[in-house]
Amino acid sequence: MCGIVGYIGKQKAVSILLEGLKRLEYRGYDSAGLAIQQDGKLCISRKTGRVEQLVKETAKLHYTGTAGISHTRWATHGGVTEANAHPHLSSDGKLVLVHNGVIENFAAIKHFLQGKDYTFRSETDTEVLCNLIAYHYAKEPESNAQSRFLESVRKTLLHIEGTYGIAVMCVDRPNEIVAARKGSPLLLGVGDGEYLLASDASALISHTRNVVYLKDGELVHVTPETFAITTLDQADVPPVVDRITWSIADAELNGFAHFMEKEIFEQPAALENAMRGRFSADGSTANFGGLNLAATDFRQIDRFVFCSCGTAWHACLVAEHLIERFARVPVEVDYASEFRYRNAPLDRDALFFFISQSGETIDTLAAMREAKRKGYKVMAICNVVGSSIAREADGGIYQHAGPEIGVASTKAFTSQLLISALFALYVARLRDMSFSDGVNYVQGLKAAPELVRKTLEQAPHIKEIAQRYAQYHDCLFLGRLSLFPIALEGALKLKEISYIHAEGYPAAEMKHGPIALVNEQCPSVFFVPKGELFNKIVSSMQEIKARKGKIIAIVTEGCELPDGLADEVIPIPDCHEAILPIIATVPVQLLSYYIAVARHCDVDKPRNLAKSVTVE
Ligand code: M6R
């Protein structure tokens, strides 16, 4: 939700900012803007629409300044207009600011500032924040030139309720940027004679792999020569410089048409990474380095509670199925946004898991804090190293799926499923699963990358199917047991990138309502794995067929469907039950992707969405 890039050093800032913004565009793409310190002035350019519009605009302006801040916006307060685009300039023209987050008490502050003759040109909360800094700046003694700018930001933030990642410049201090965070991500890239600020590492990795992850309540004061981190109450913070392990190539298209396509095809590698080093020497169970909880503690757990949002919530549902099925421990799954407020009665010995690709989703983070506040231990399953959720958890499991840039989550999802399967094995082996069943399960997991590779070979066939179904307006996804969450995920994928109305249901539930939607114009995607429910699912398909509904069947290879029942068949390889949700996900990802492409949709940047949702 909104991306921030800042630069200070020896190079011209403009091209570095624009390159960074392009990489962060997945975080929001309503408008883009930048501010450059140049010739004693703050030069600002803003455009509605994509970063490309800003590139065209700034090409005419020949900015040469070596310090700047920039922003790509996902609108919260105020419509998509140039006036609402960041950066925002204070009404006295002294301060300029970019912001990711929401200032909850902006109305009261605005009222206060209007009483002091500050004027406002936009409808945003951000402009209020910028003017409050200007207000404090004006009040700081001029004799205090060295720290006046930094202290005015600090004083302002003490009055702010809400979330922010900000970068600020002051016309009087051309060689300084002040940045801060609370609830929205912000990293400092430490280069050679230059520093970058960014909402995530992809925006700075082409310049440096050395980063400092700022924590909530920290400010960083950056000059071309050095930086210093302090807290809101002025305590010095010794910086911890981390090294990013992935490379710029991981954040590029590398010949694929879209990041979503690339990330779908990266799944075999992502699954291998999720498993690497996580099997016991005897090959019968899983190992995790970061759970920070002894095996004996796991045996005391009465119930696991999994909380997340969106696709990650679907991963929680699969985790529920696998843990209950193999480890026989009850699992509760909640939407993070609901858990936070519904004050659910909880078991005394519950253990919480929060799954989040970005590790920054504010609903998930807030739910995690709520569980912690109640005294529970909380675990995180995250992809982004150093993210807020990963850092605040008591323990966790990193996915190592590499950067996921497409707004629609794909490889992060299947990697979450693999980690859930590993965790279910770990708990099952602490309880009743035998050694030989454990060995068999491990073999099943190890086959996942190859079986996903095999399923990806269906891509040309699925592309053809997609051409035939691209113009429908509605679609049902129907699956049972561990494939019910995959039905939900298939429906979410299709609707978020192609804007086709889609719903996921347990296949047998279809006759309790959704079947009313079925006609020649509403196709159904059925998951039909081999197993005890195969014939029951075939019966559900017959009910759809009897109502002239078209059927796309995702069927285990070798299983025969009655002649003419399915209009389209997508075979998937036979596999261990623990990885069936992973294998079954691939065809619906490809189907959604090719349908969206056929409809000329902007696959990587679907309308109204942003990759990491850092507002409530
Ligand atoms: O970063 P997170 O995994 O916490 O994100 C959660 C959801 O916002 C995310 O999965 C969203 O639903 C995706 N657009 C799905 O493709």
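The values are calculated or read from the model by the stated rules, or taken from the named source; none is laboratory data. Since the model is a prediction, treat every value here as computed from it, not as a measurement. Cβ sites come from the backbone with ideal geometry, for glycine too, and all protein chains shown count toward neighbours.
Within segment 98-121, the residues that satisfy the criterion of being in a helix (DSSP H, G or I) and exposed (fewer than 15 other Cβ atoms within 10 Å of the Cβ) are ALA107, ALA108, HIS111, GLN114. Taking the criterion of being in a helix (DSSP H, G or I) and surrounded by fewer than 16 Cβ atoms within 10 Å (Cβ to Cβ), the residues of segment 441-459 that qualify are GLN443, GLU450. Just wondering, is there one or more residues in segment 262-282 that are more than 30 Å from VAL427 (Cα to Cα) and among the hydrophobic types (A, V, I, L, M, F, W, C)? Within segment 262-282 (the criterion being more than 30 Å from VAL427 (Cα to Cα) and among the hydrophobic types (A, V, I, L, M, F, W, C)), the answer is yes, since at least one residue qualifies. Looking across segment 248-303, the residues that are surrounded by fewer than 20 Cβ atoms within 10 Å (Cβ to Cβ), of a type in the set (Asp, Glu) and in a helix (DSSP H, G or I) come down to ASP250, GLU272, ASP297.
Which residue is farthest from the chain's Cα centre (by Cα), if the candidates are limited to segment 122-135 and must be acidic (Asp, Glu) and part of a helix (DSSP H, G or I)?
First, pick out the residues of segment 122-135 that are acidic (Asp, Glu): 123, 125, 127.
In the following step, the residues that additionally are part of a helix (DSSP H, G or I) were identified as 125, 127.
Working: ASP125: 24, GLU127: 27 Å.
Among those residues, the one meeting the criterion is GLU127.
Residue check, VAL528 against (1) without any contact (Cβ under 8 Å) to a residue 60 or more places away in the chain; (2) among the aliphatic types (A, V, I, L, M); (3) surrounded by fewer than 19 Cβ atoms within 10 Å (Cβ to Cβ), all met but one. Which one? The number of the failed condition is (3).
For segment 177-204, the set of residues classified as under 18 Å from GLN234 (Cα atoms) and touching a residue at least 60 places away in the same chain (Cβ under 8 Å) consists of ILE177, ALA179, LYS182, listed by residue number. Taken over segment 360-386, the criterion of being modelled with pLDDT of 95 or more, within 12 Å of the ligand (Cβ to nearest atom) and assigned to a loop (DSSP other than H, G, I, E, B) is satisfied by ASN383 alone.
Among strands (runs of 3 or more DSSP E) entirely within segment 1-70, having at least 1 residues that are within 22 Å of HIS207 (Cα to Cα) and of a type outside the set (S, T, N, Q) singles out 3-8, 31-38.
Scan segment 38-67 for residues that are in contact with a Leu (Cβ under 8 Å, 6 or more places away or on another chain) and farther than 21 Å from THR223 by Cβ and the total you get is 8.
Does segment 540-561 include one or more residues that are assigned to a loop (DSSP other than H, G, I, E, B) and free of Cβ contacts under 8 Å to residues at least 12 places away in the same chain?
The initial filter retains those residues of segment 540-561 that are assigned to a loop (DSSP other than H, G, I, E, B), namely 546-550, 557-561.
Next, only the ones that are free of Cβ contacts under 8 Å to residues at least 12 places away in the same chain stay: 546, 560.
Yes, because at least one residue in segment 540-561 is assigned to a loop (DSSP other than H, G, I, E, B) and free of Cβ contacts under 8 Å to residues at least 12 places away in the same chain.
The residue of segment 400-436 that is modelled with the lowest pLDDT, among those that are surrounded by 23 or more Cβ atoms within 10 Å (Cβ to Cβ) and among the charged types (D, E, K, R), is GLU404.
The residues on offer are LEU61, LEU95, and the sole one that is at pLDDT 95 or above and either in the same structural domain as VAL128 (by TED's automatic domain parsing) or surrounded by fewer than 20 Cβ atoms within 10 Å (Cβ to Cβ) (or both) is LEU95. Cβ-Cβ distances below 6 Å connect the following pairs, each with a first residue in segment 334-357 that is over 16 Å from ARG373 (Cβ atoms), a second residue that is of a type in the set (Val, Ile, Thr) and within 11 Å of the ligand (Cβ to nearest atom), and a separation of six or more residues or different chains: ILE355/ILE381; SER356/THR364; SER356/ILE389. Cβ contacts < 9 Å: first residue over 12 Å from GLN589 (Cα atoms), restricted to segment 483-505; second residue at pLDDT below 95 and basic (Lys, Arg), any location; separation 6+ or different chain. Result? Listed by first residue and then by second, the contacts come to TYR499/ARG607.
Taking the conditions (1) crowded, with 19+ Cβ neighbours inside 10 Å; (2) in a helix (DSSP H, G or I) in turn, ILE166 satisfies each one other than (2). Show the residue pairs that are 6+ apart or on different chains and have beta-carbon atoms under 7 Å apart, the first residue being within segment 442-464 and under 20 Å from PHE413 (Cα atoms), the second being charged (D, E, K, R). Taking only residues 6 or more apart or on different chains, the pairs are PRO449/GLU272. Taken over segment 343-359, the criterion of being assigned to a loop (DSSP other than H, G, I, E, B) and either within 16 Å of the ligand (Cβ to nearest atom) or β-branched (Val, Ile, Thr) (or both) is satisfied by GLN357, SER358, GLY359. Filtering segment 64-113 to residues that are without any contact (Cβ under 8 Å) to a residue 24 or more places away in the chain and within 27 Å of LYS41 (Cα to Cα) leaves LYS110, LEU113. Of the residues making up segment 606-616, those that are under 17 Å from PHE259 (Cβ atoms) and either small (Gly, Ala, Ser) or away from the ligand (no atom under 11 Å from the Cβ) (or both) are ARG607, ALA610, SER612.
Looking only at segment 492-525, residues that are surrounded by 23 or more Cβ atoms within 10 Å (Cβ to Cβ), assigned to a helix (DSSP H, G or I) and small (Gly, Ala, Ser) come to 2 in all.
Residues in segment 318-342 that are away from the ligand (no atom under 16 Å from the Cβ) and of a type in the set (Asp, Glu): GLU320, GLU324, GLU332. Out of all the residues in segment 412-427, is one or more more than 14 Å from the ligand (Cβ to nearest atom), touching a helix residue (DSSP H, G or I) at 6+ places or on another chain (Cβ under 8 Å), small (Gly, Ala, Ser) and not in a loop (DSSP other than H, G, I, E, B)? Yes, there is a match, as at least one residue in segment 412-427 is more than 14 Å from the ligand (Cβ to nearest atom), touching a helix residue (DSSP H, G or I) at 6+ places or on another chain (Cβ under 8 Å), small (Gly, Ala, Ser) and not in a loop (DSSP other than H, G, I, E, B).
Of ALA286, ALA315, ALA294, ALA257, all but one fail to be modelled with pLDDT of 95 or more, more than 16 Å from the ligand (Cβ to nearest atom) and under 29 Å from ALA428 (Cβ atoms); the exception is ALA286.
Look at (1) touching a residue at least 24 places away in the same chain (Cβ under 8 Å); (2) among the charged types (D, E, K, R); (3) under 27 Å from GLY406 (Cβ atoms) and you find that LYS56 fails only one, number (1). Only residues that are modelled with pLDDT of 95 or more and either within 30 Å of THR72 (Cα to Cα) or within 16 Å of the ligand (Cβ to nearest atom) (or both) were counted across segment 583-605, and they come to 16.
Could you list, in sequence order, the residues of segment 82-103 that are among the β-branched types (Val, Ile, Thr) and touching an Asp or Glu at 6+ places or on another chain (Cβ under 8 Å)? Walk me through it before giving the result.
Initial filter on segment 82-103 (among the β-branched types (Val, Ile, Thr)): 96, 98, 102-103.
Residues satisfying the conditions are VAL102, ILE103.
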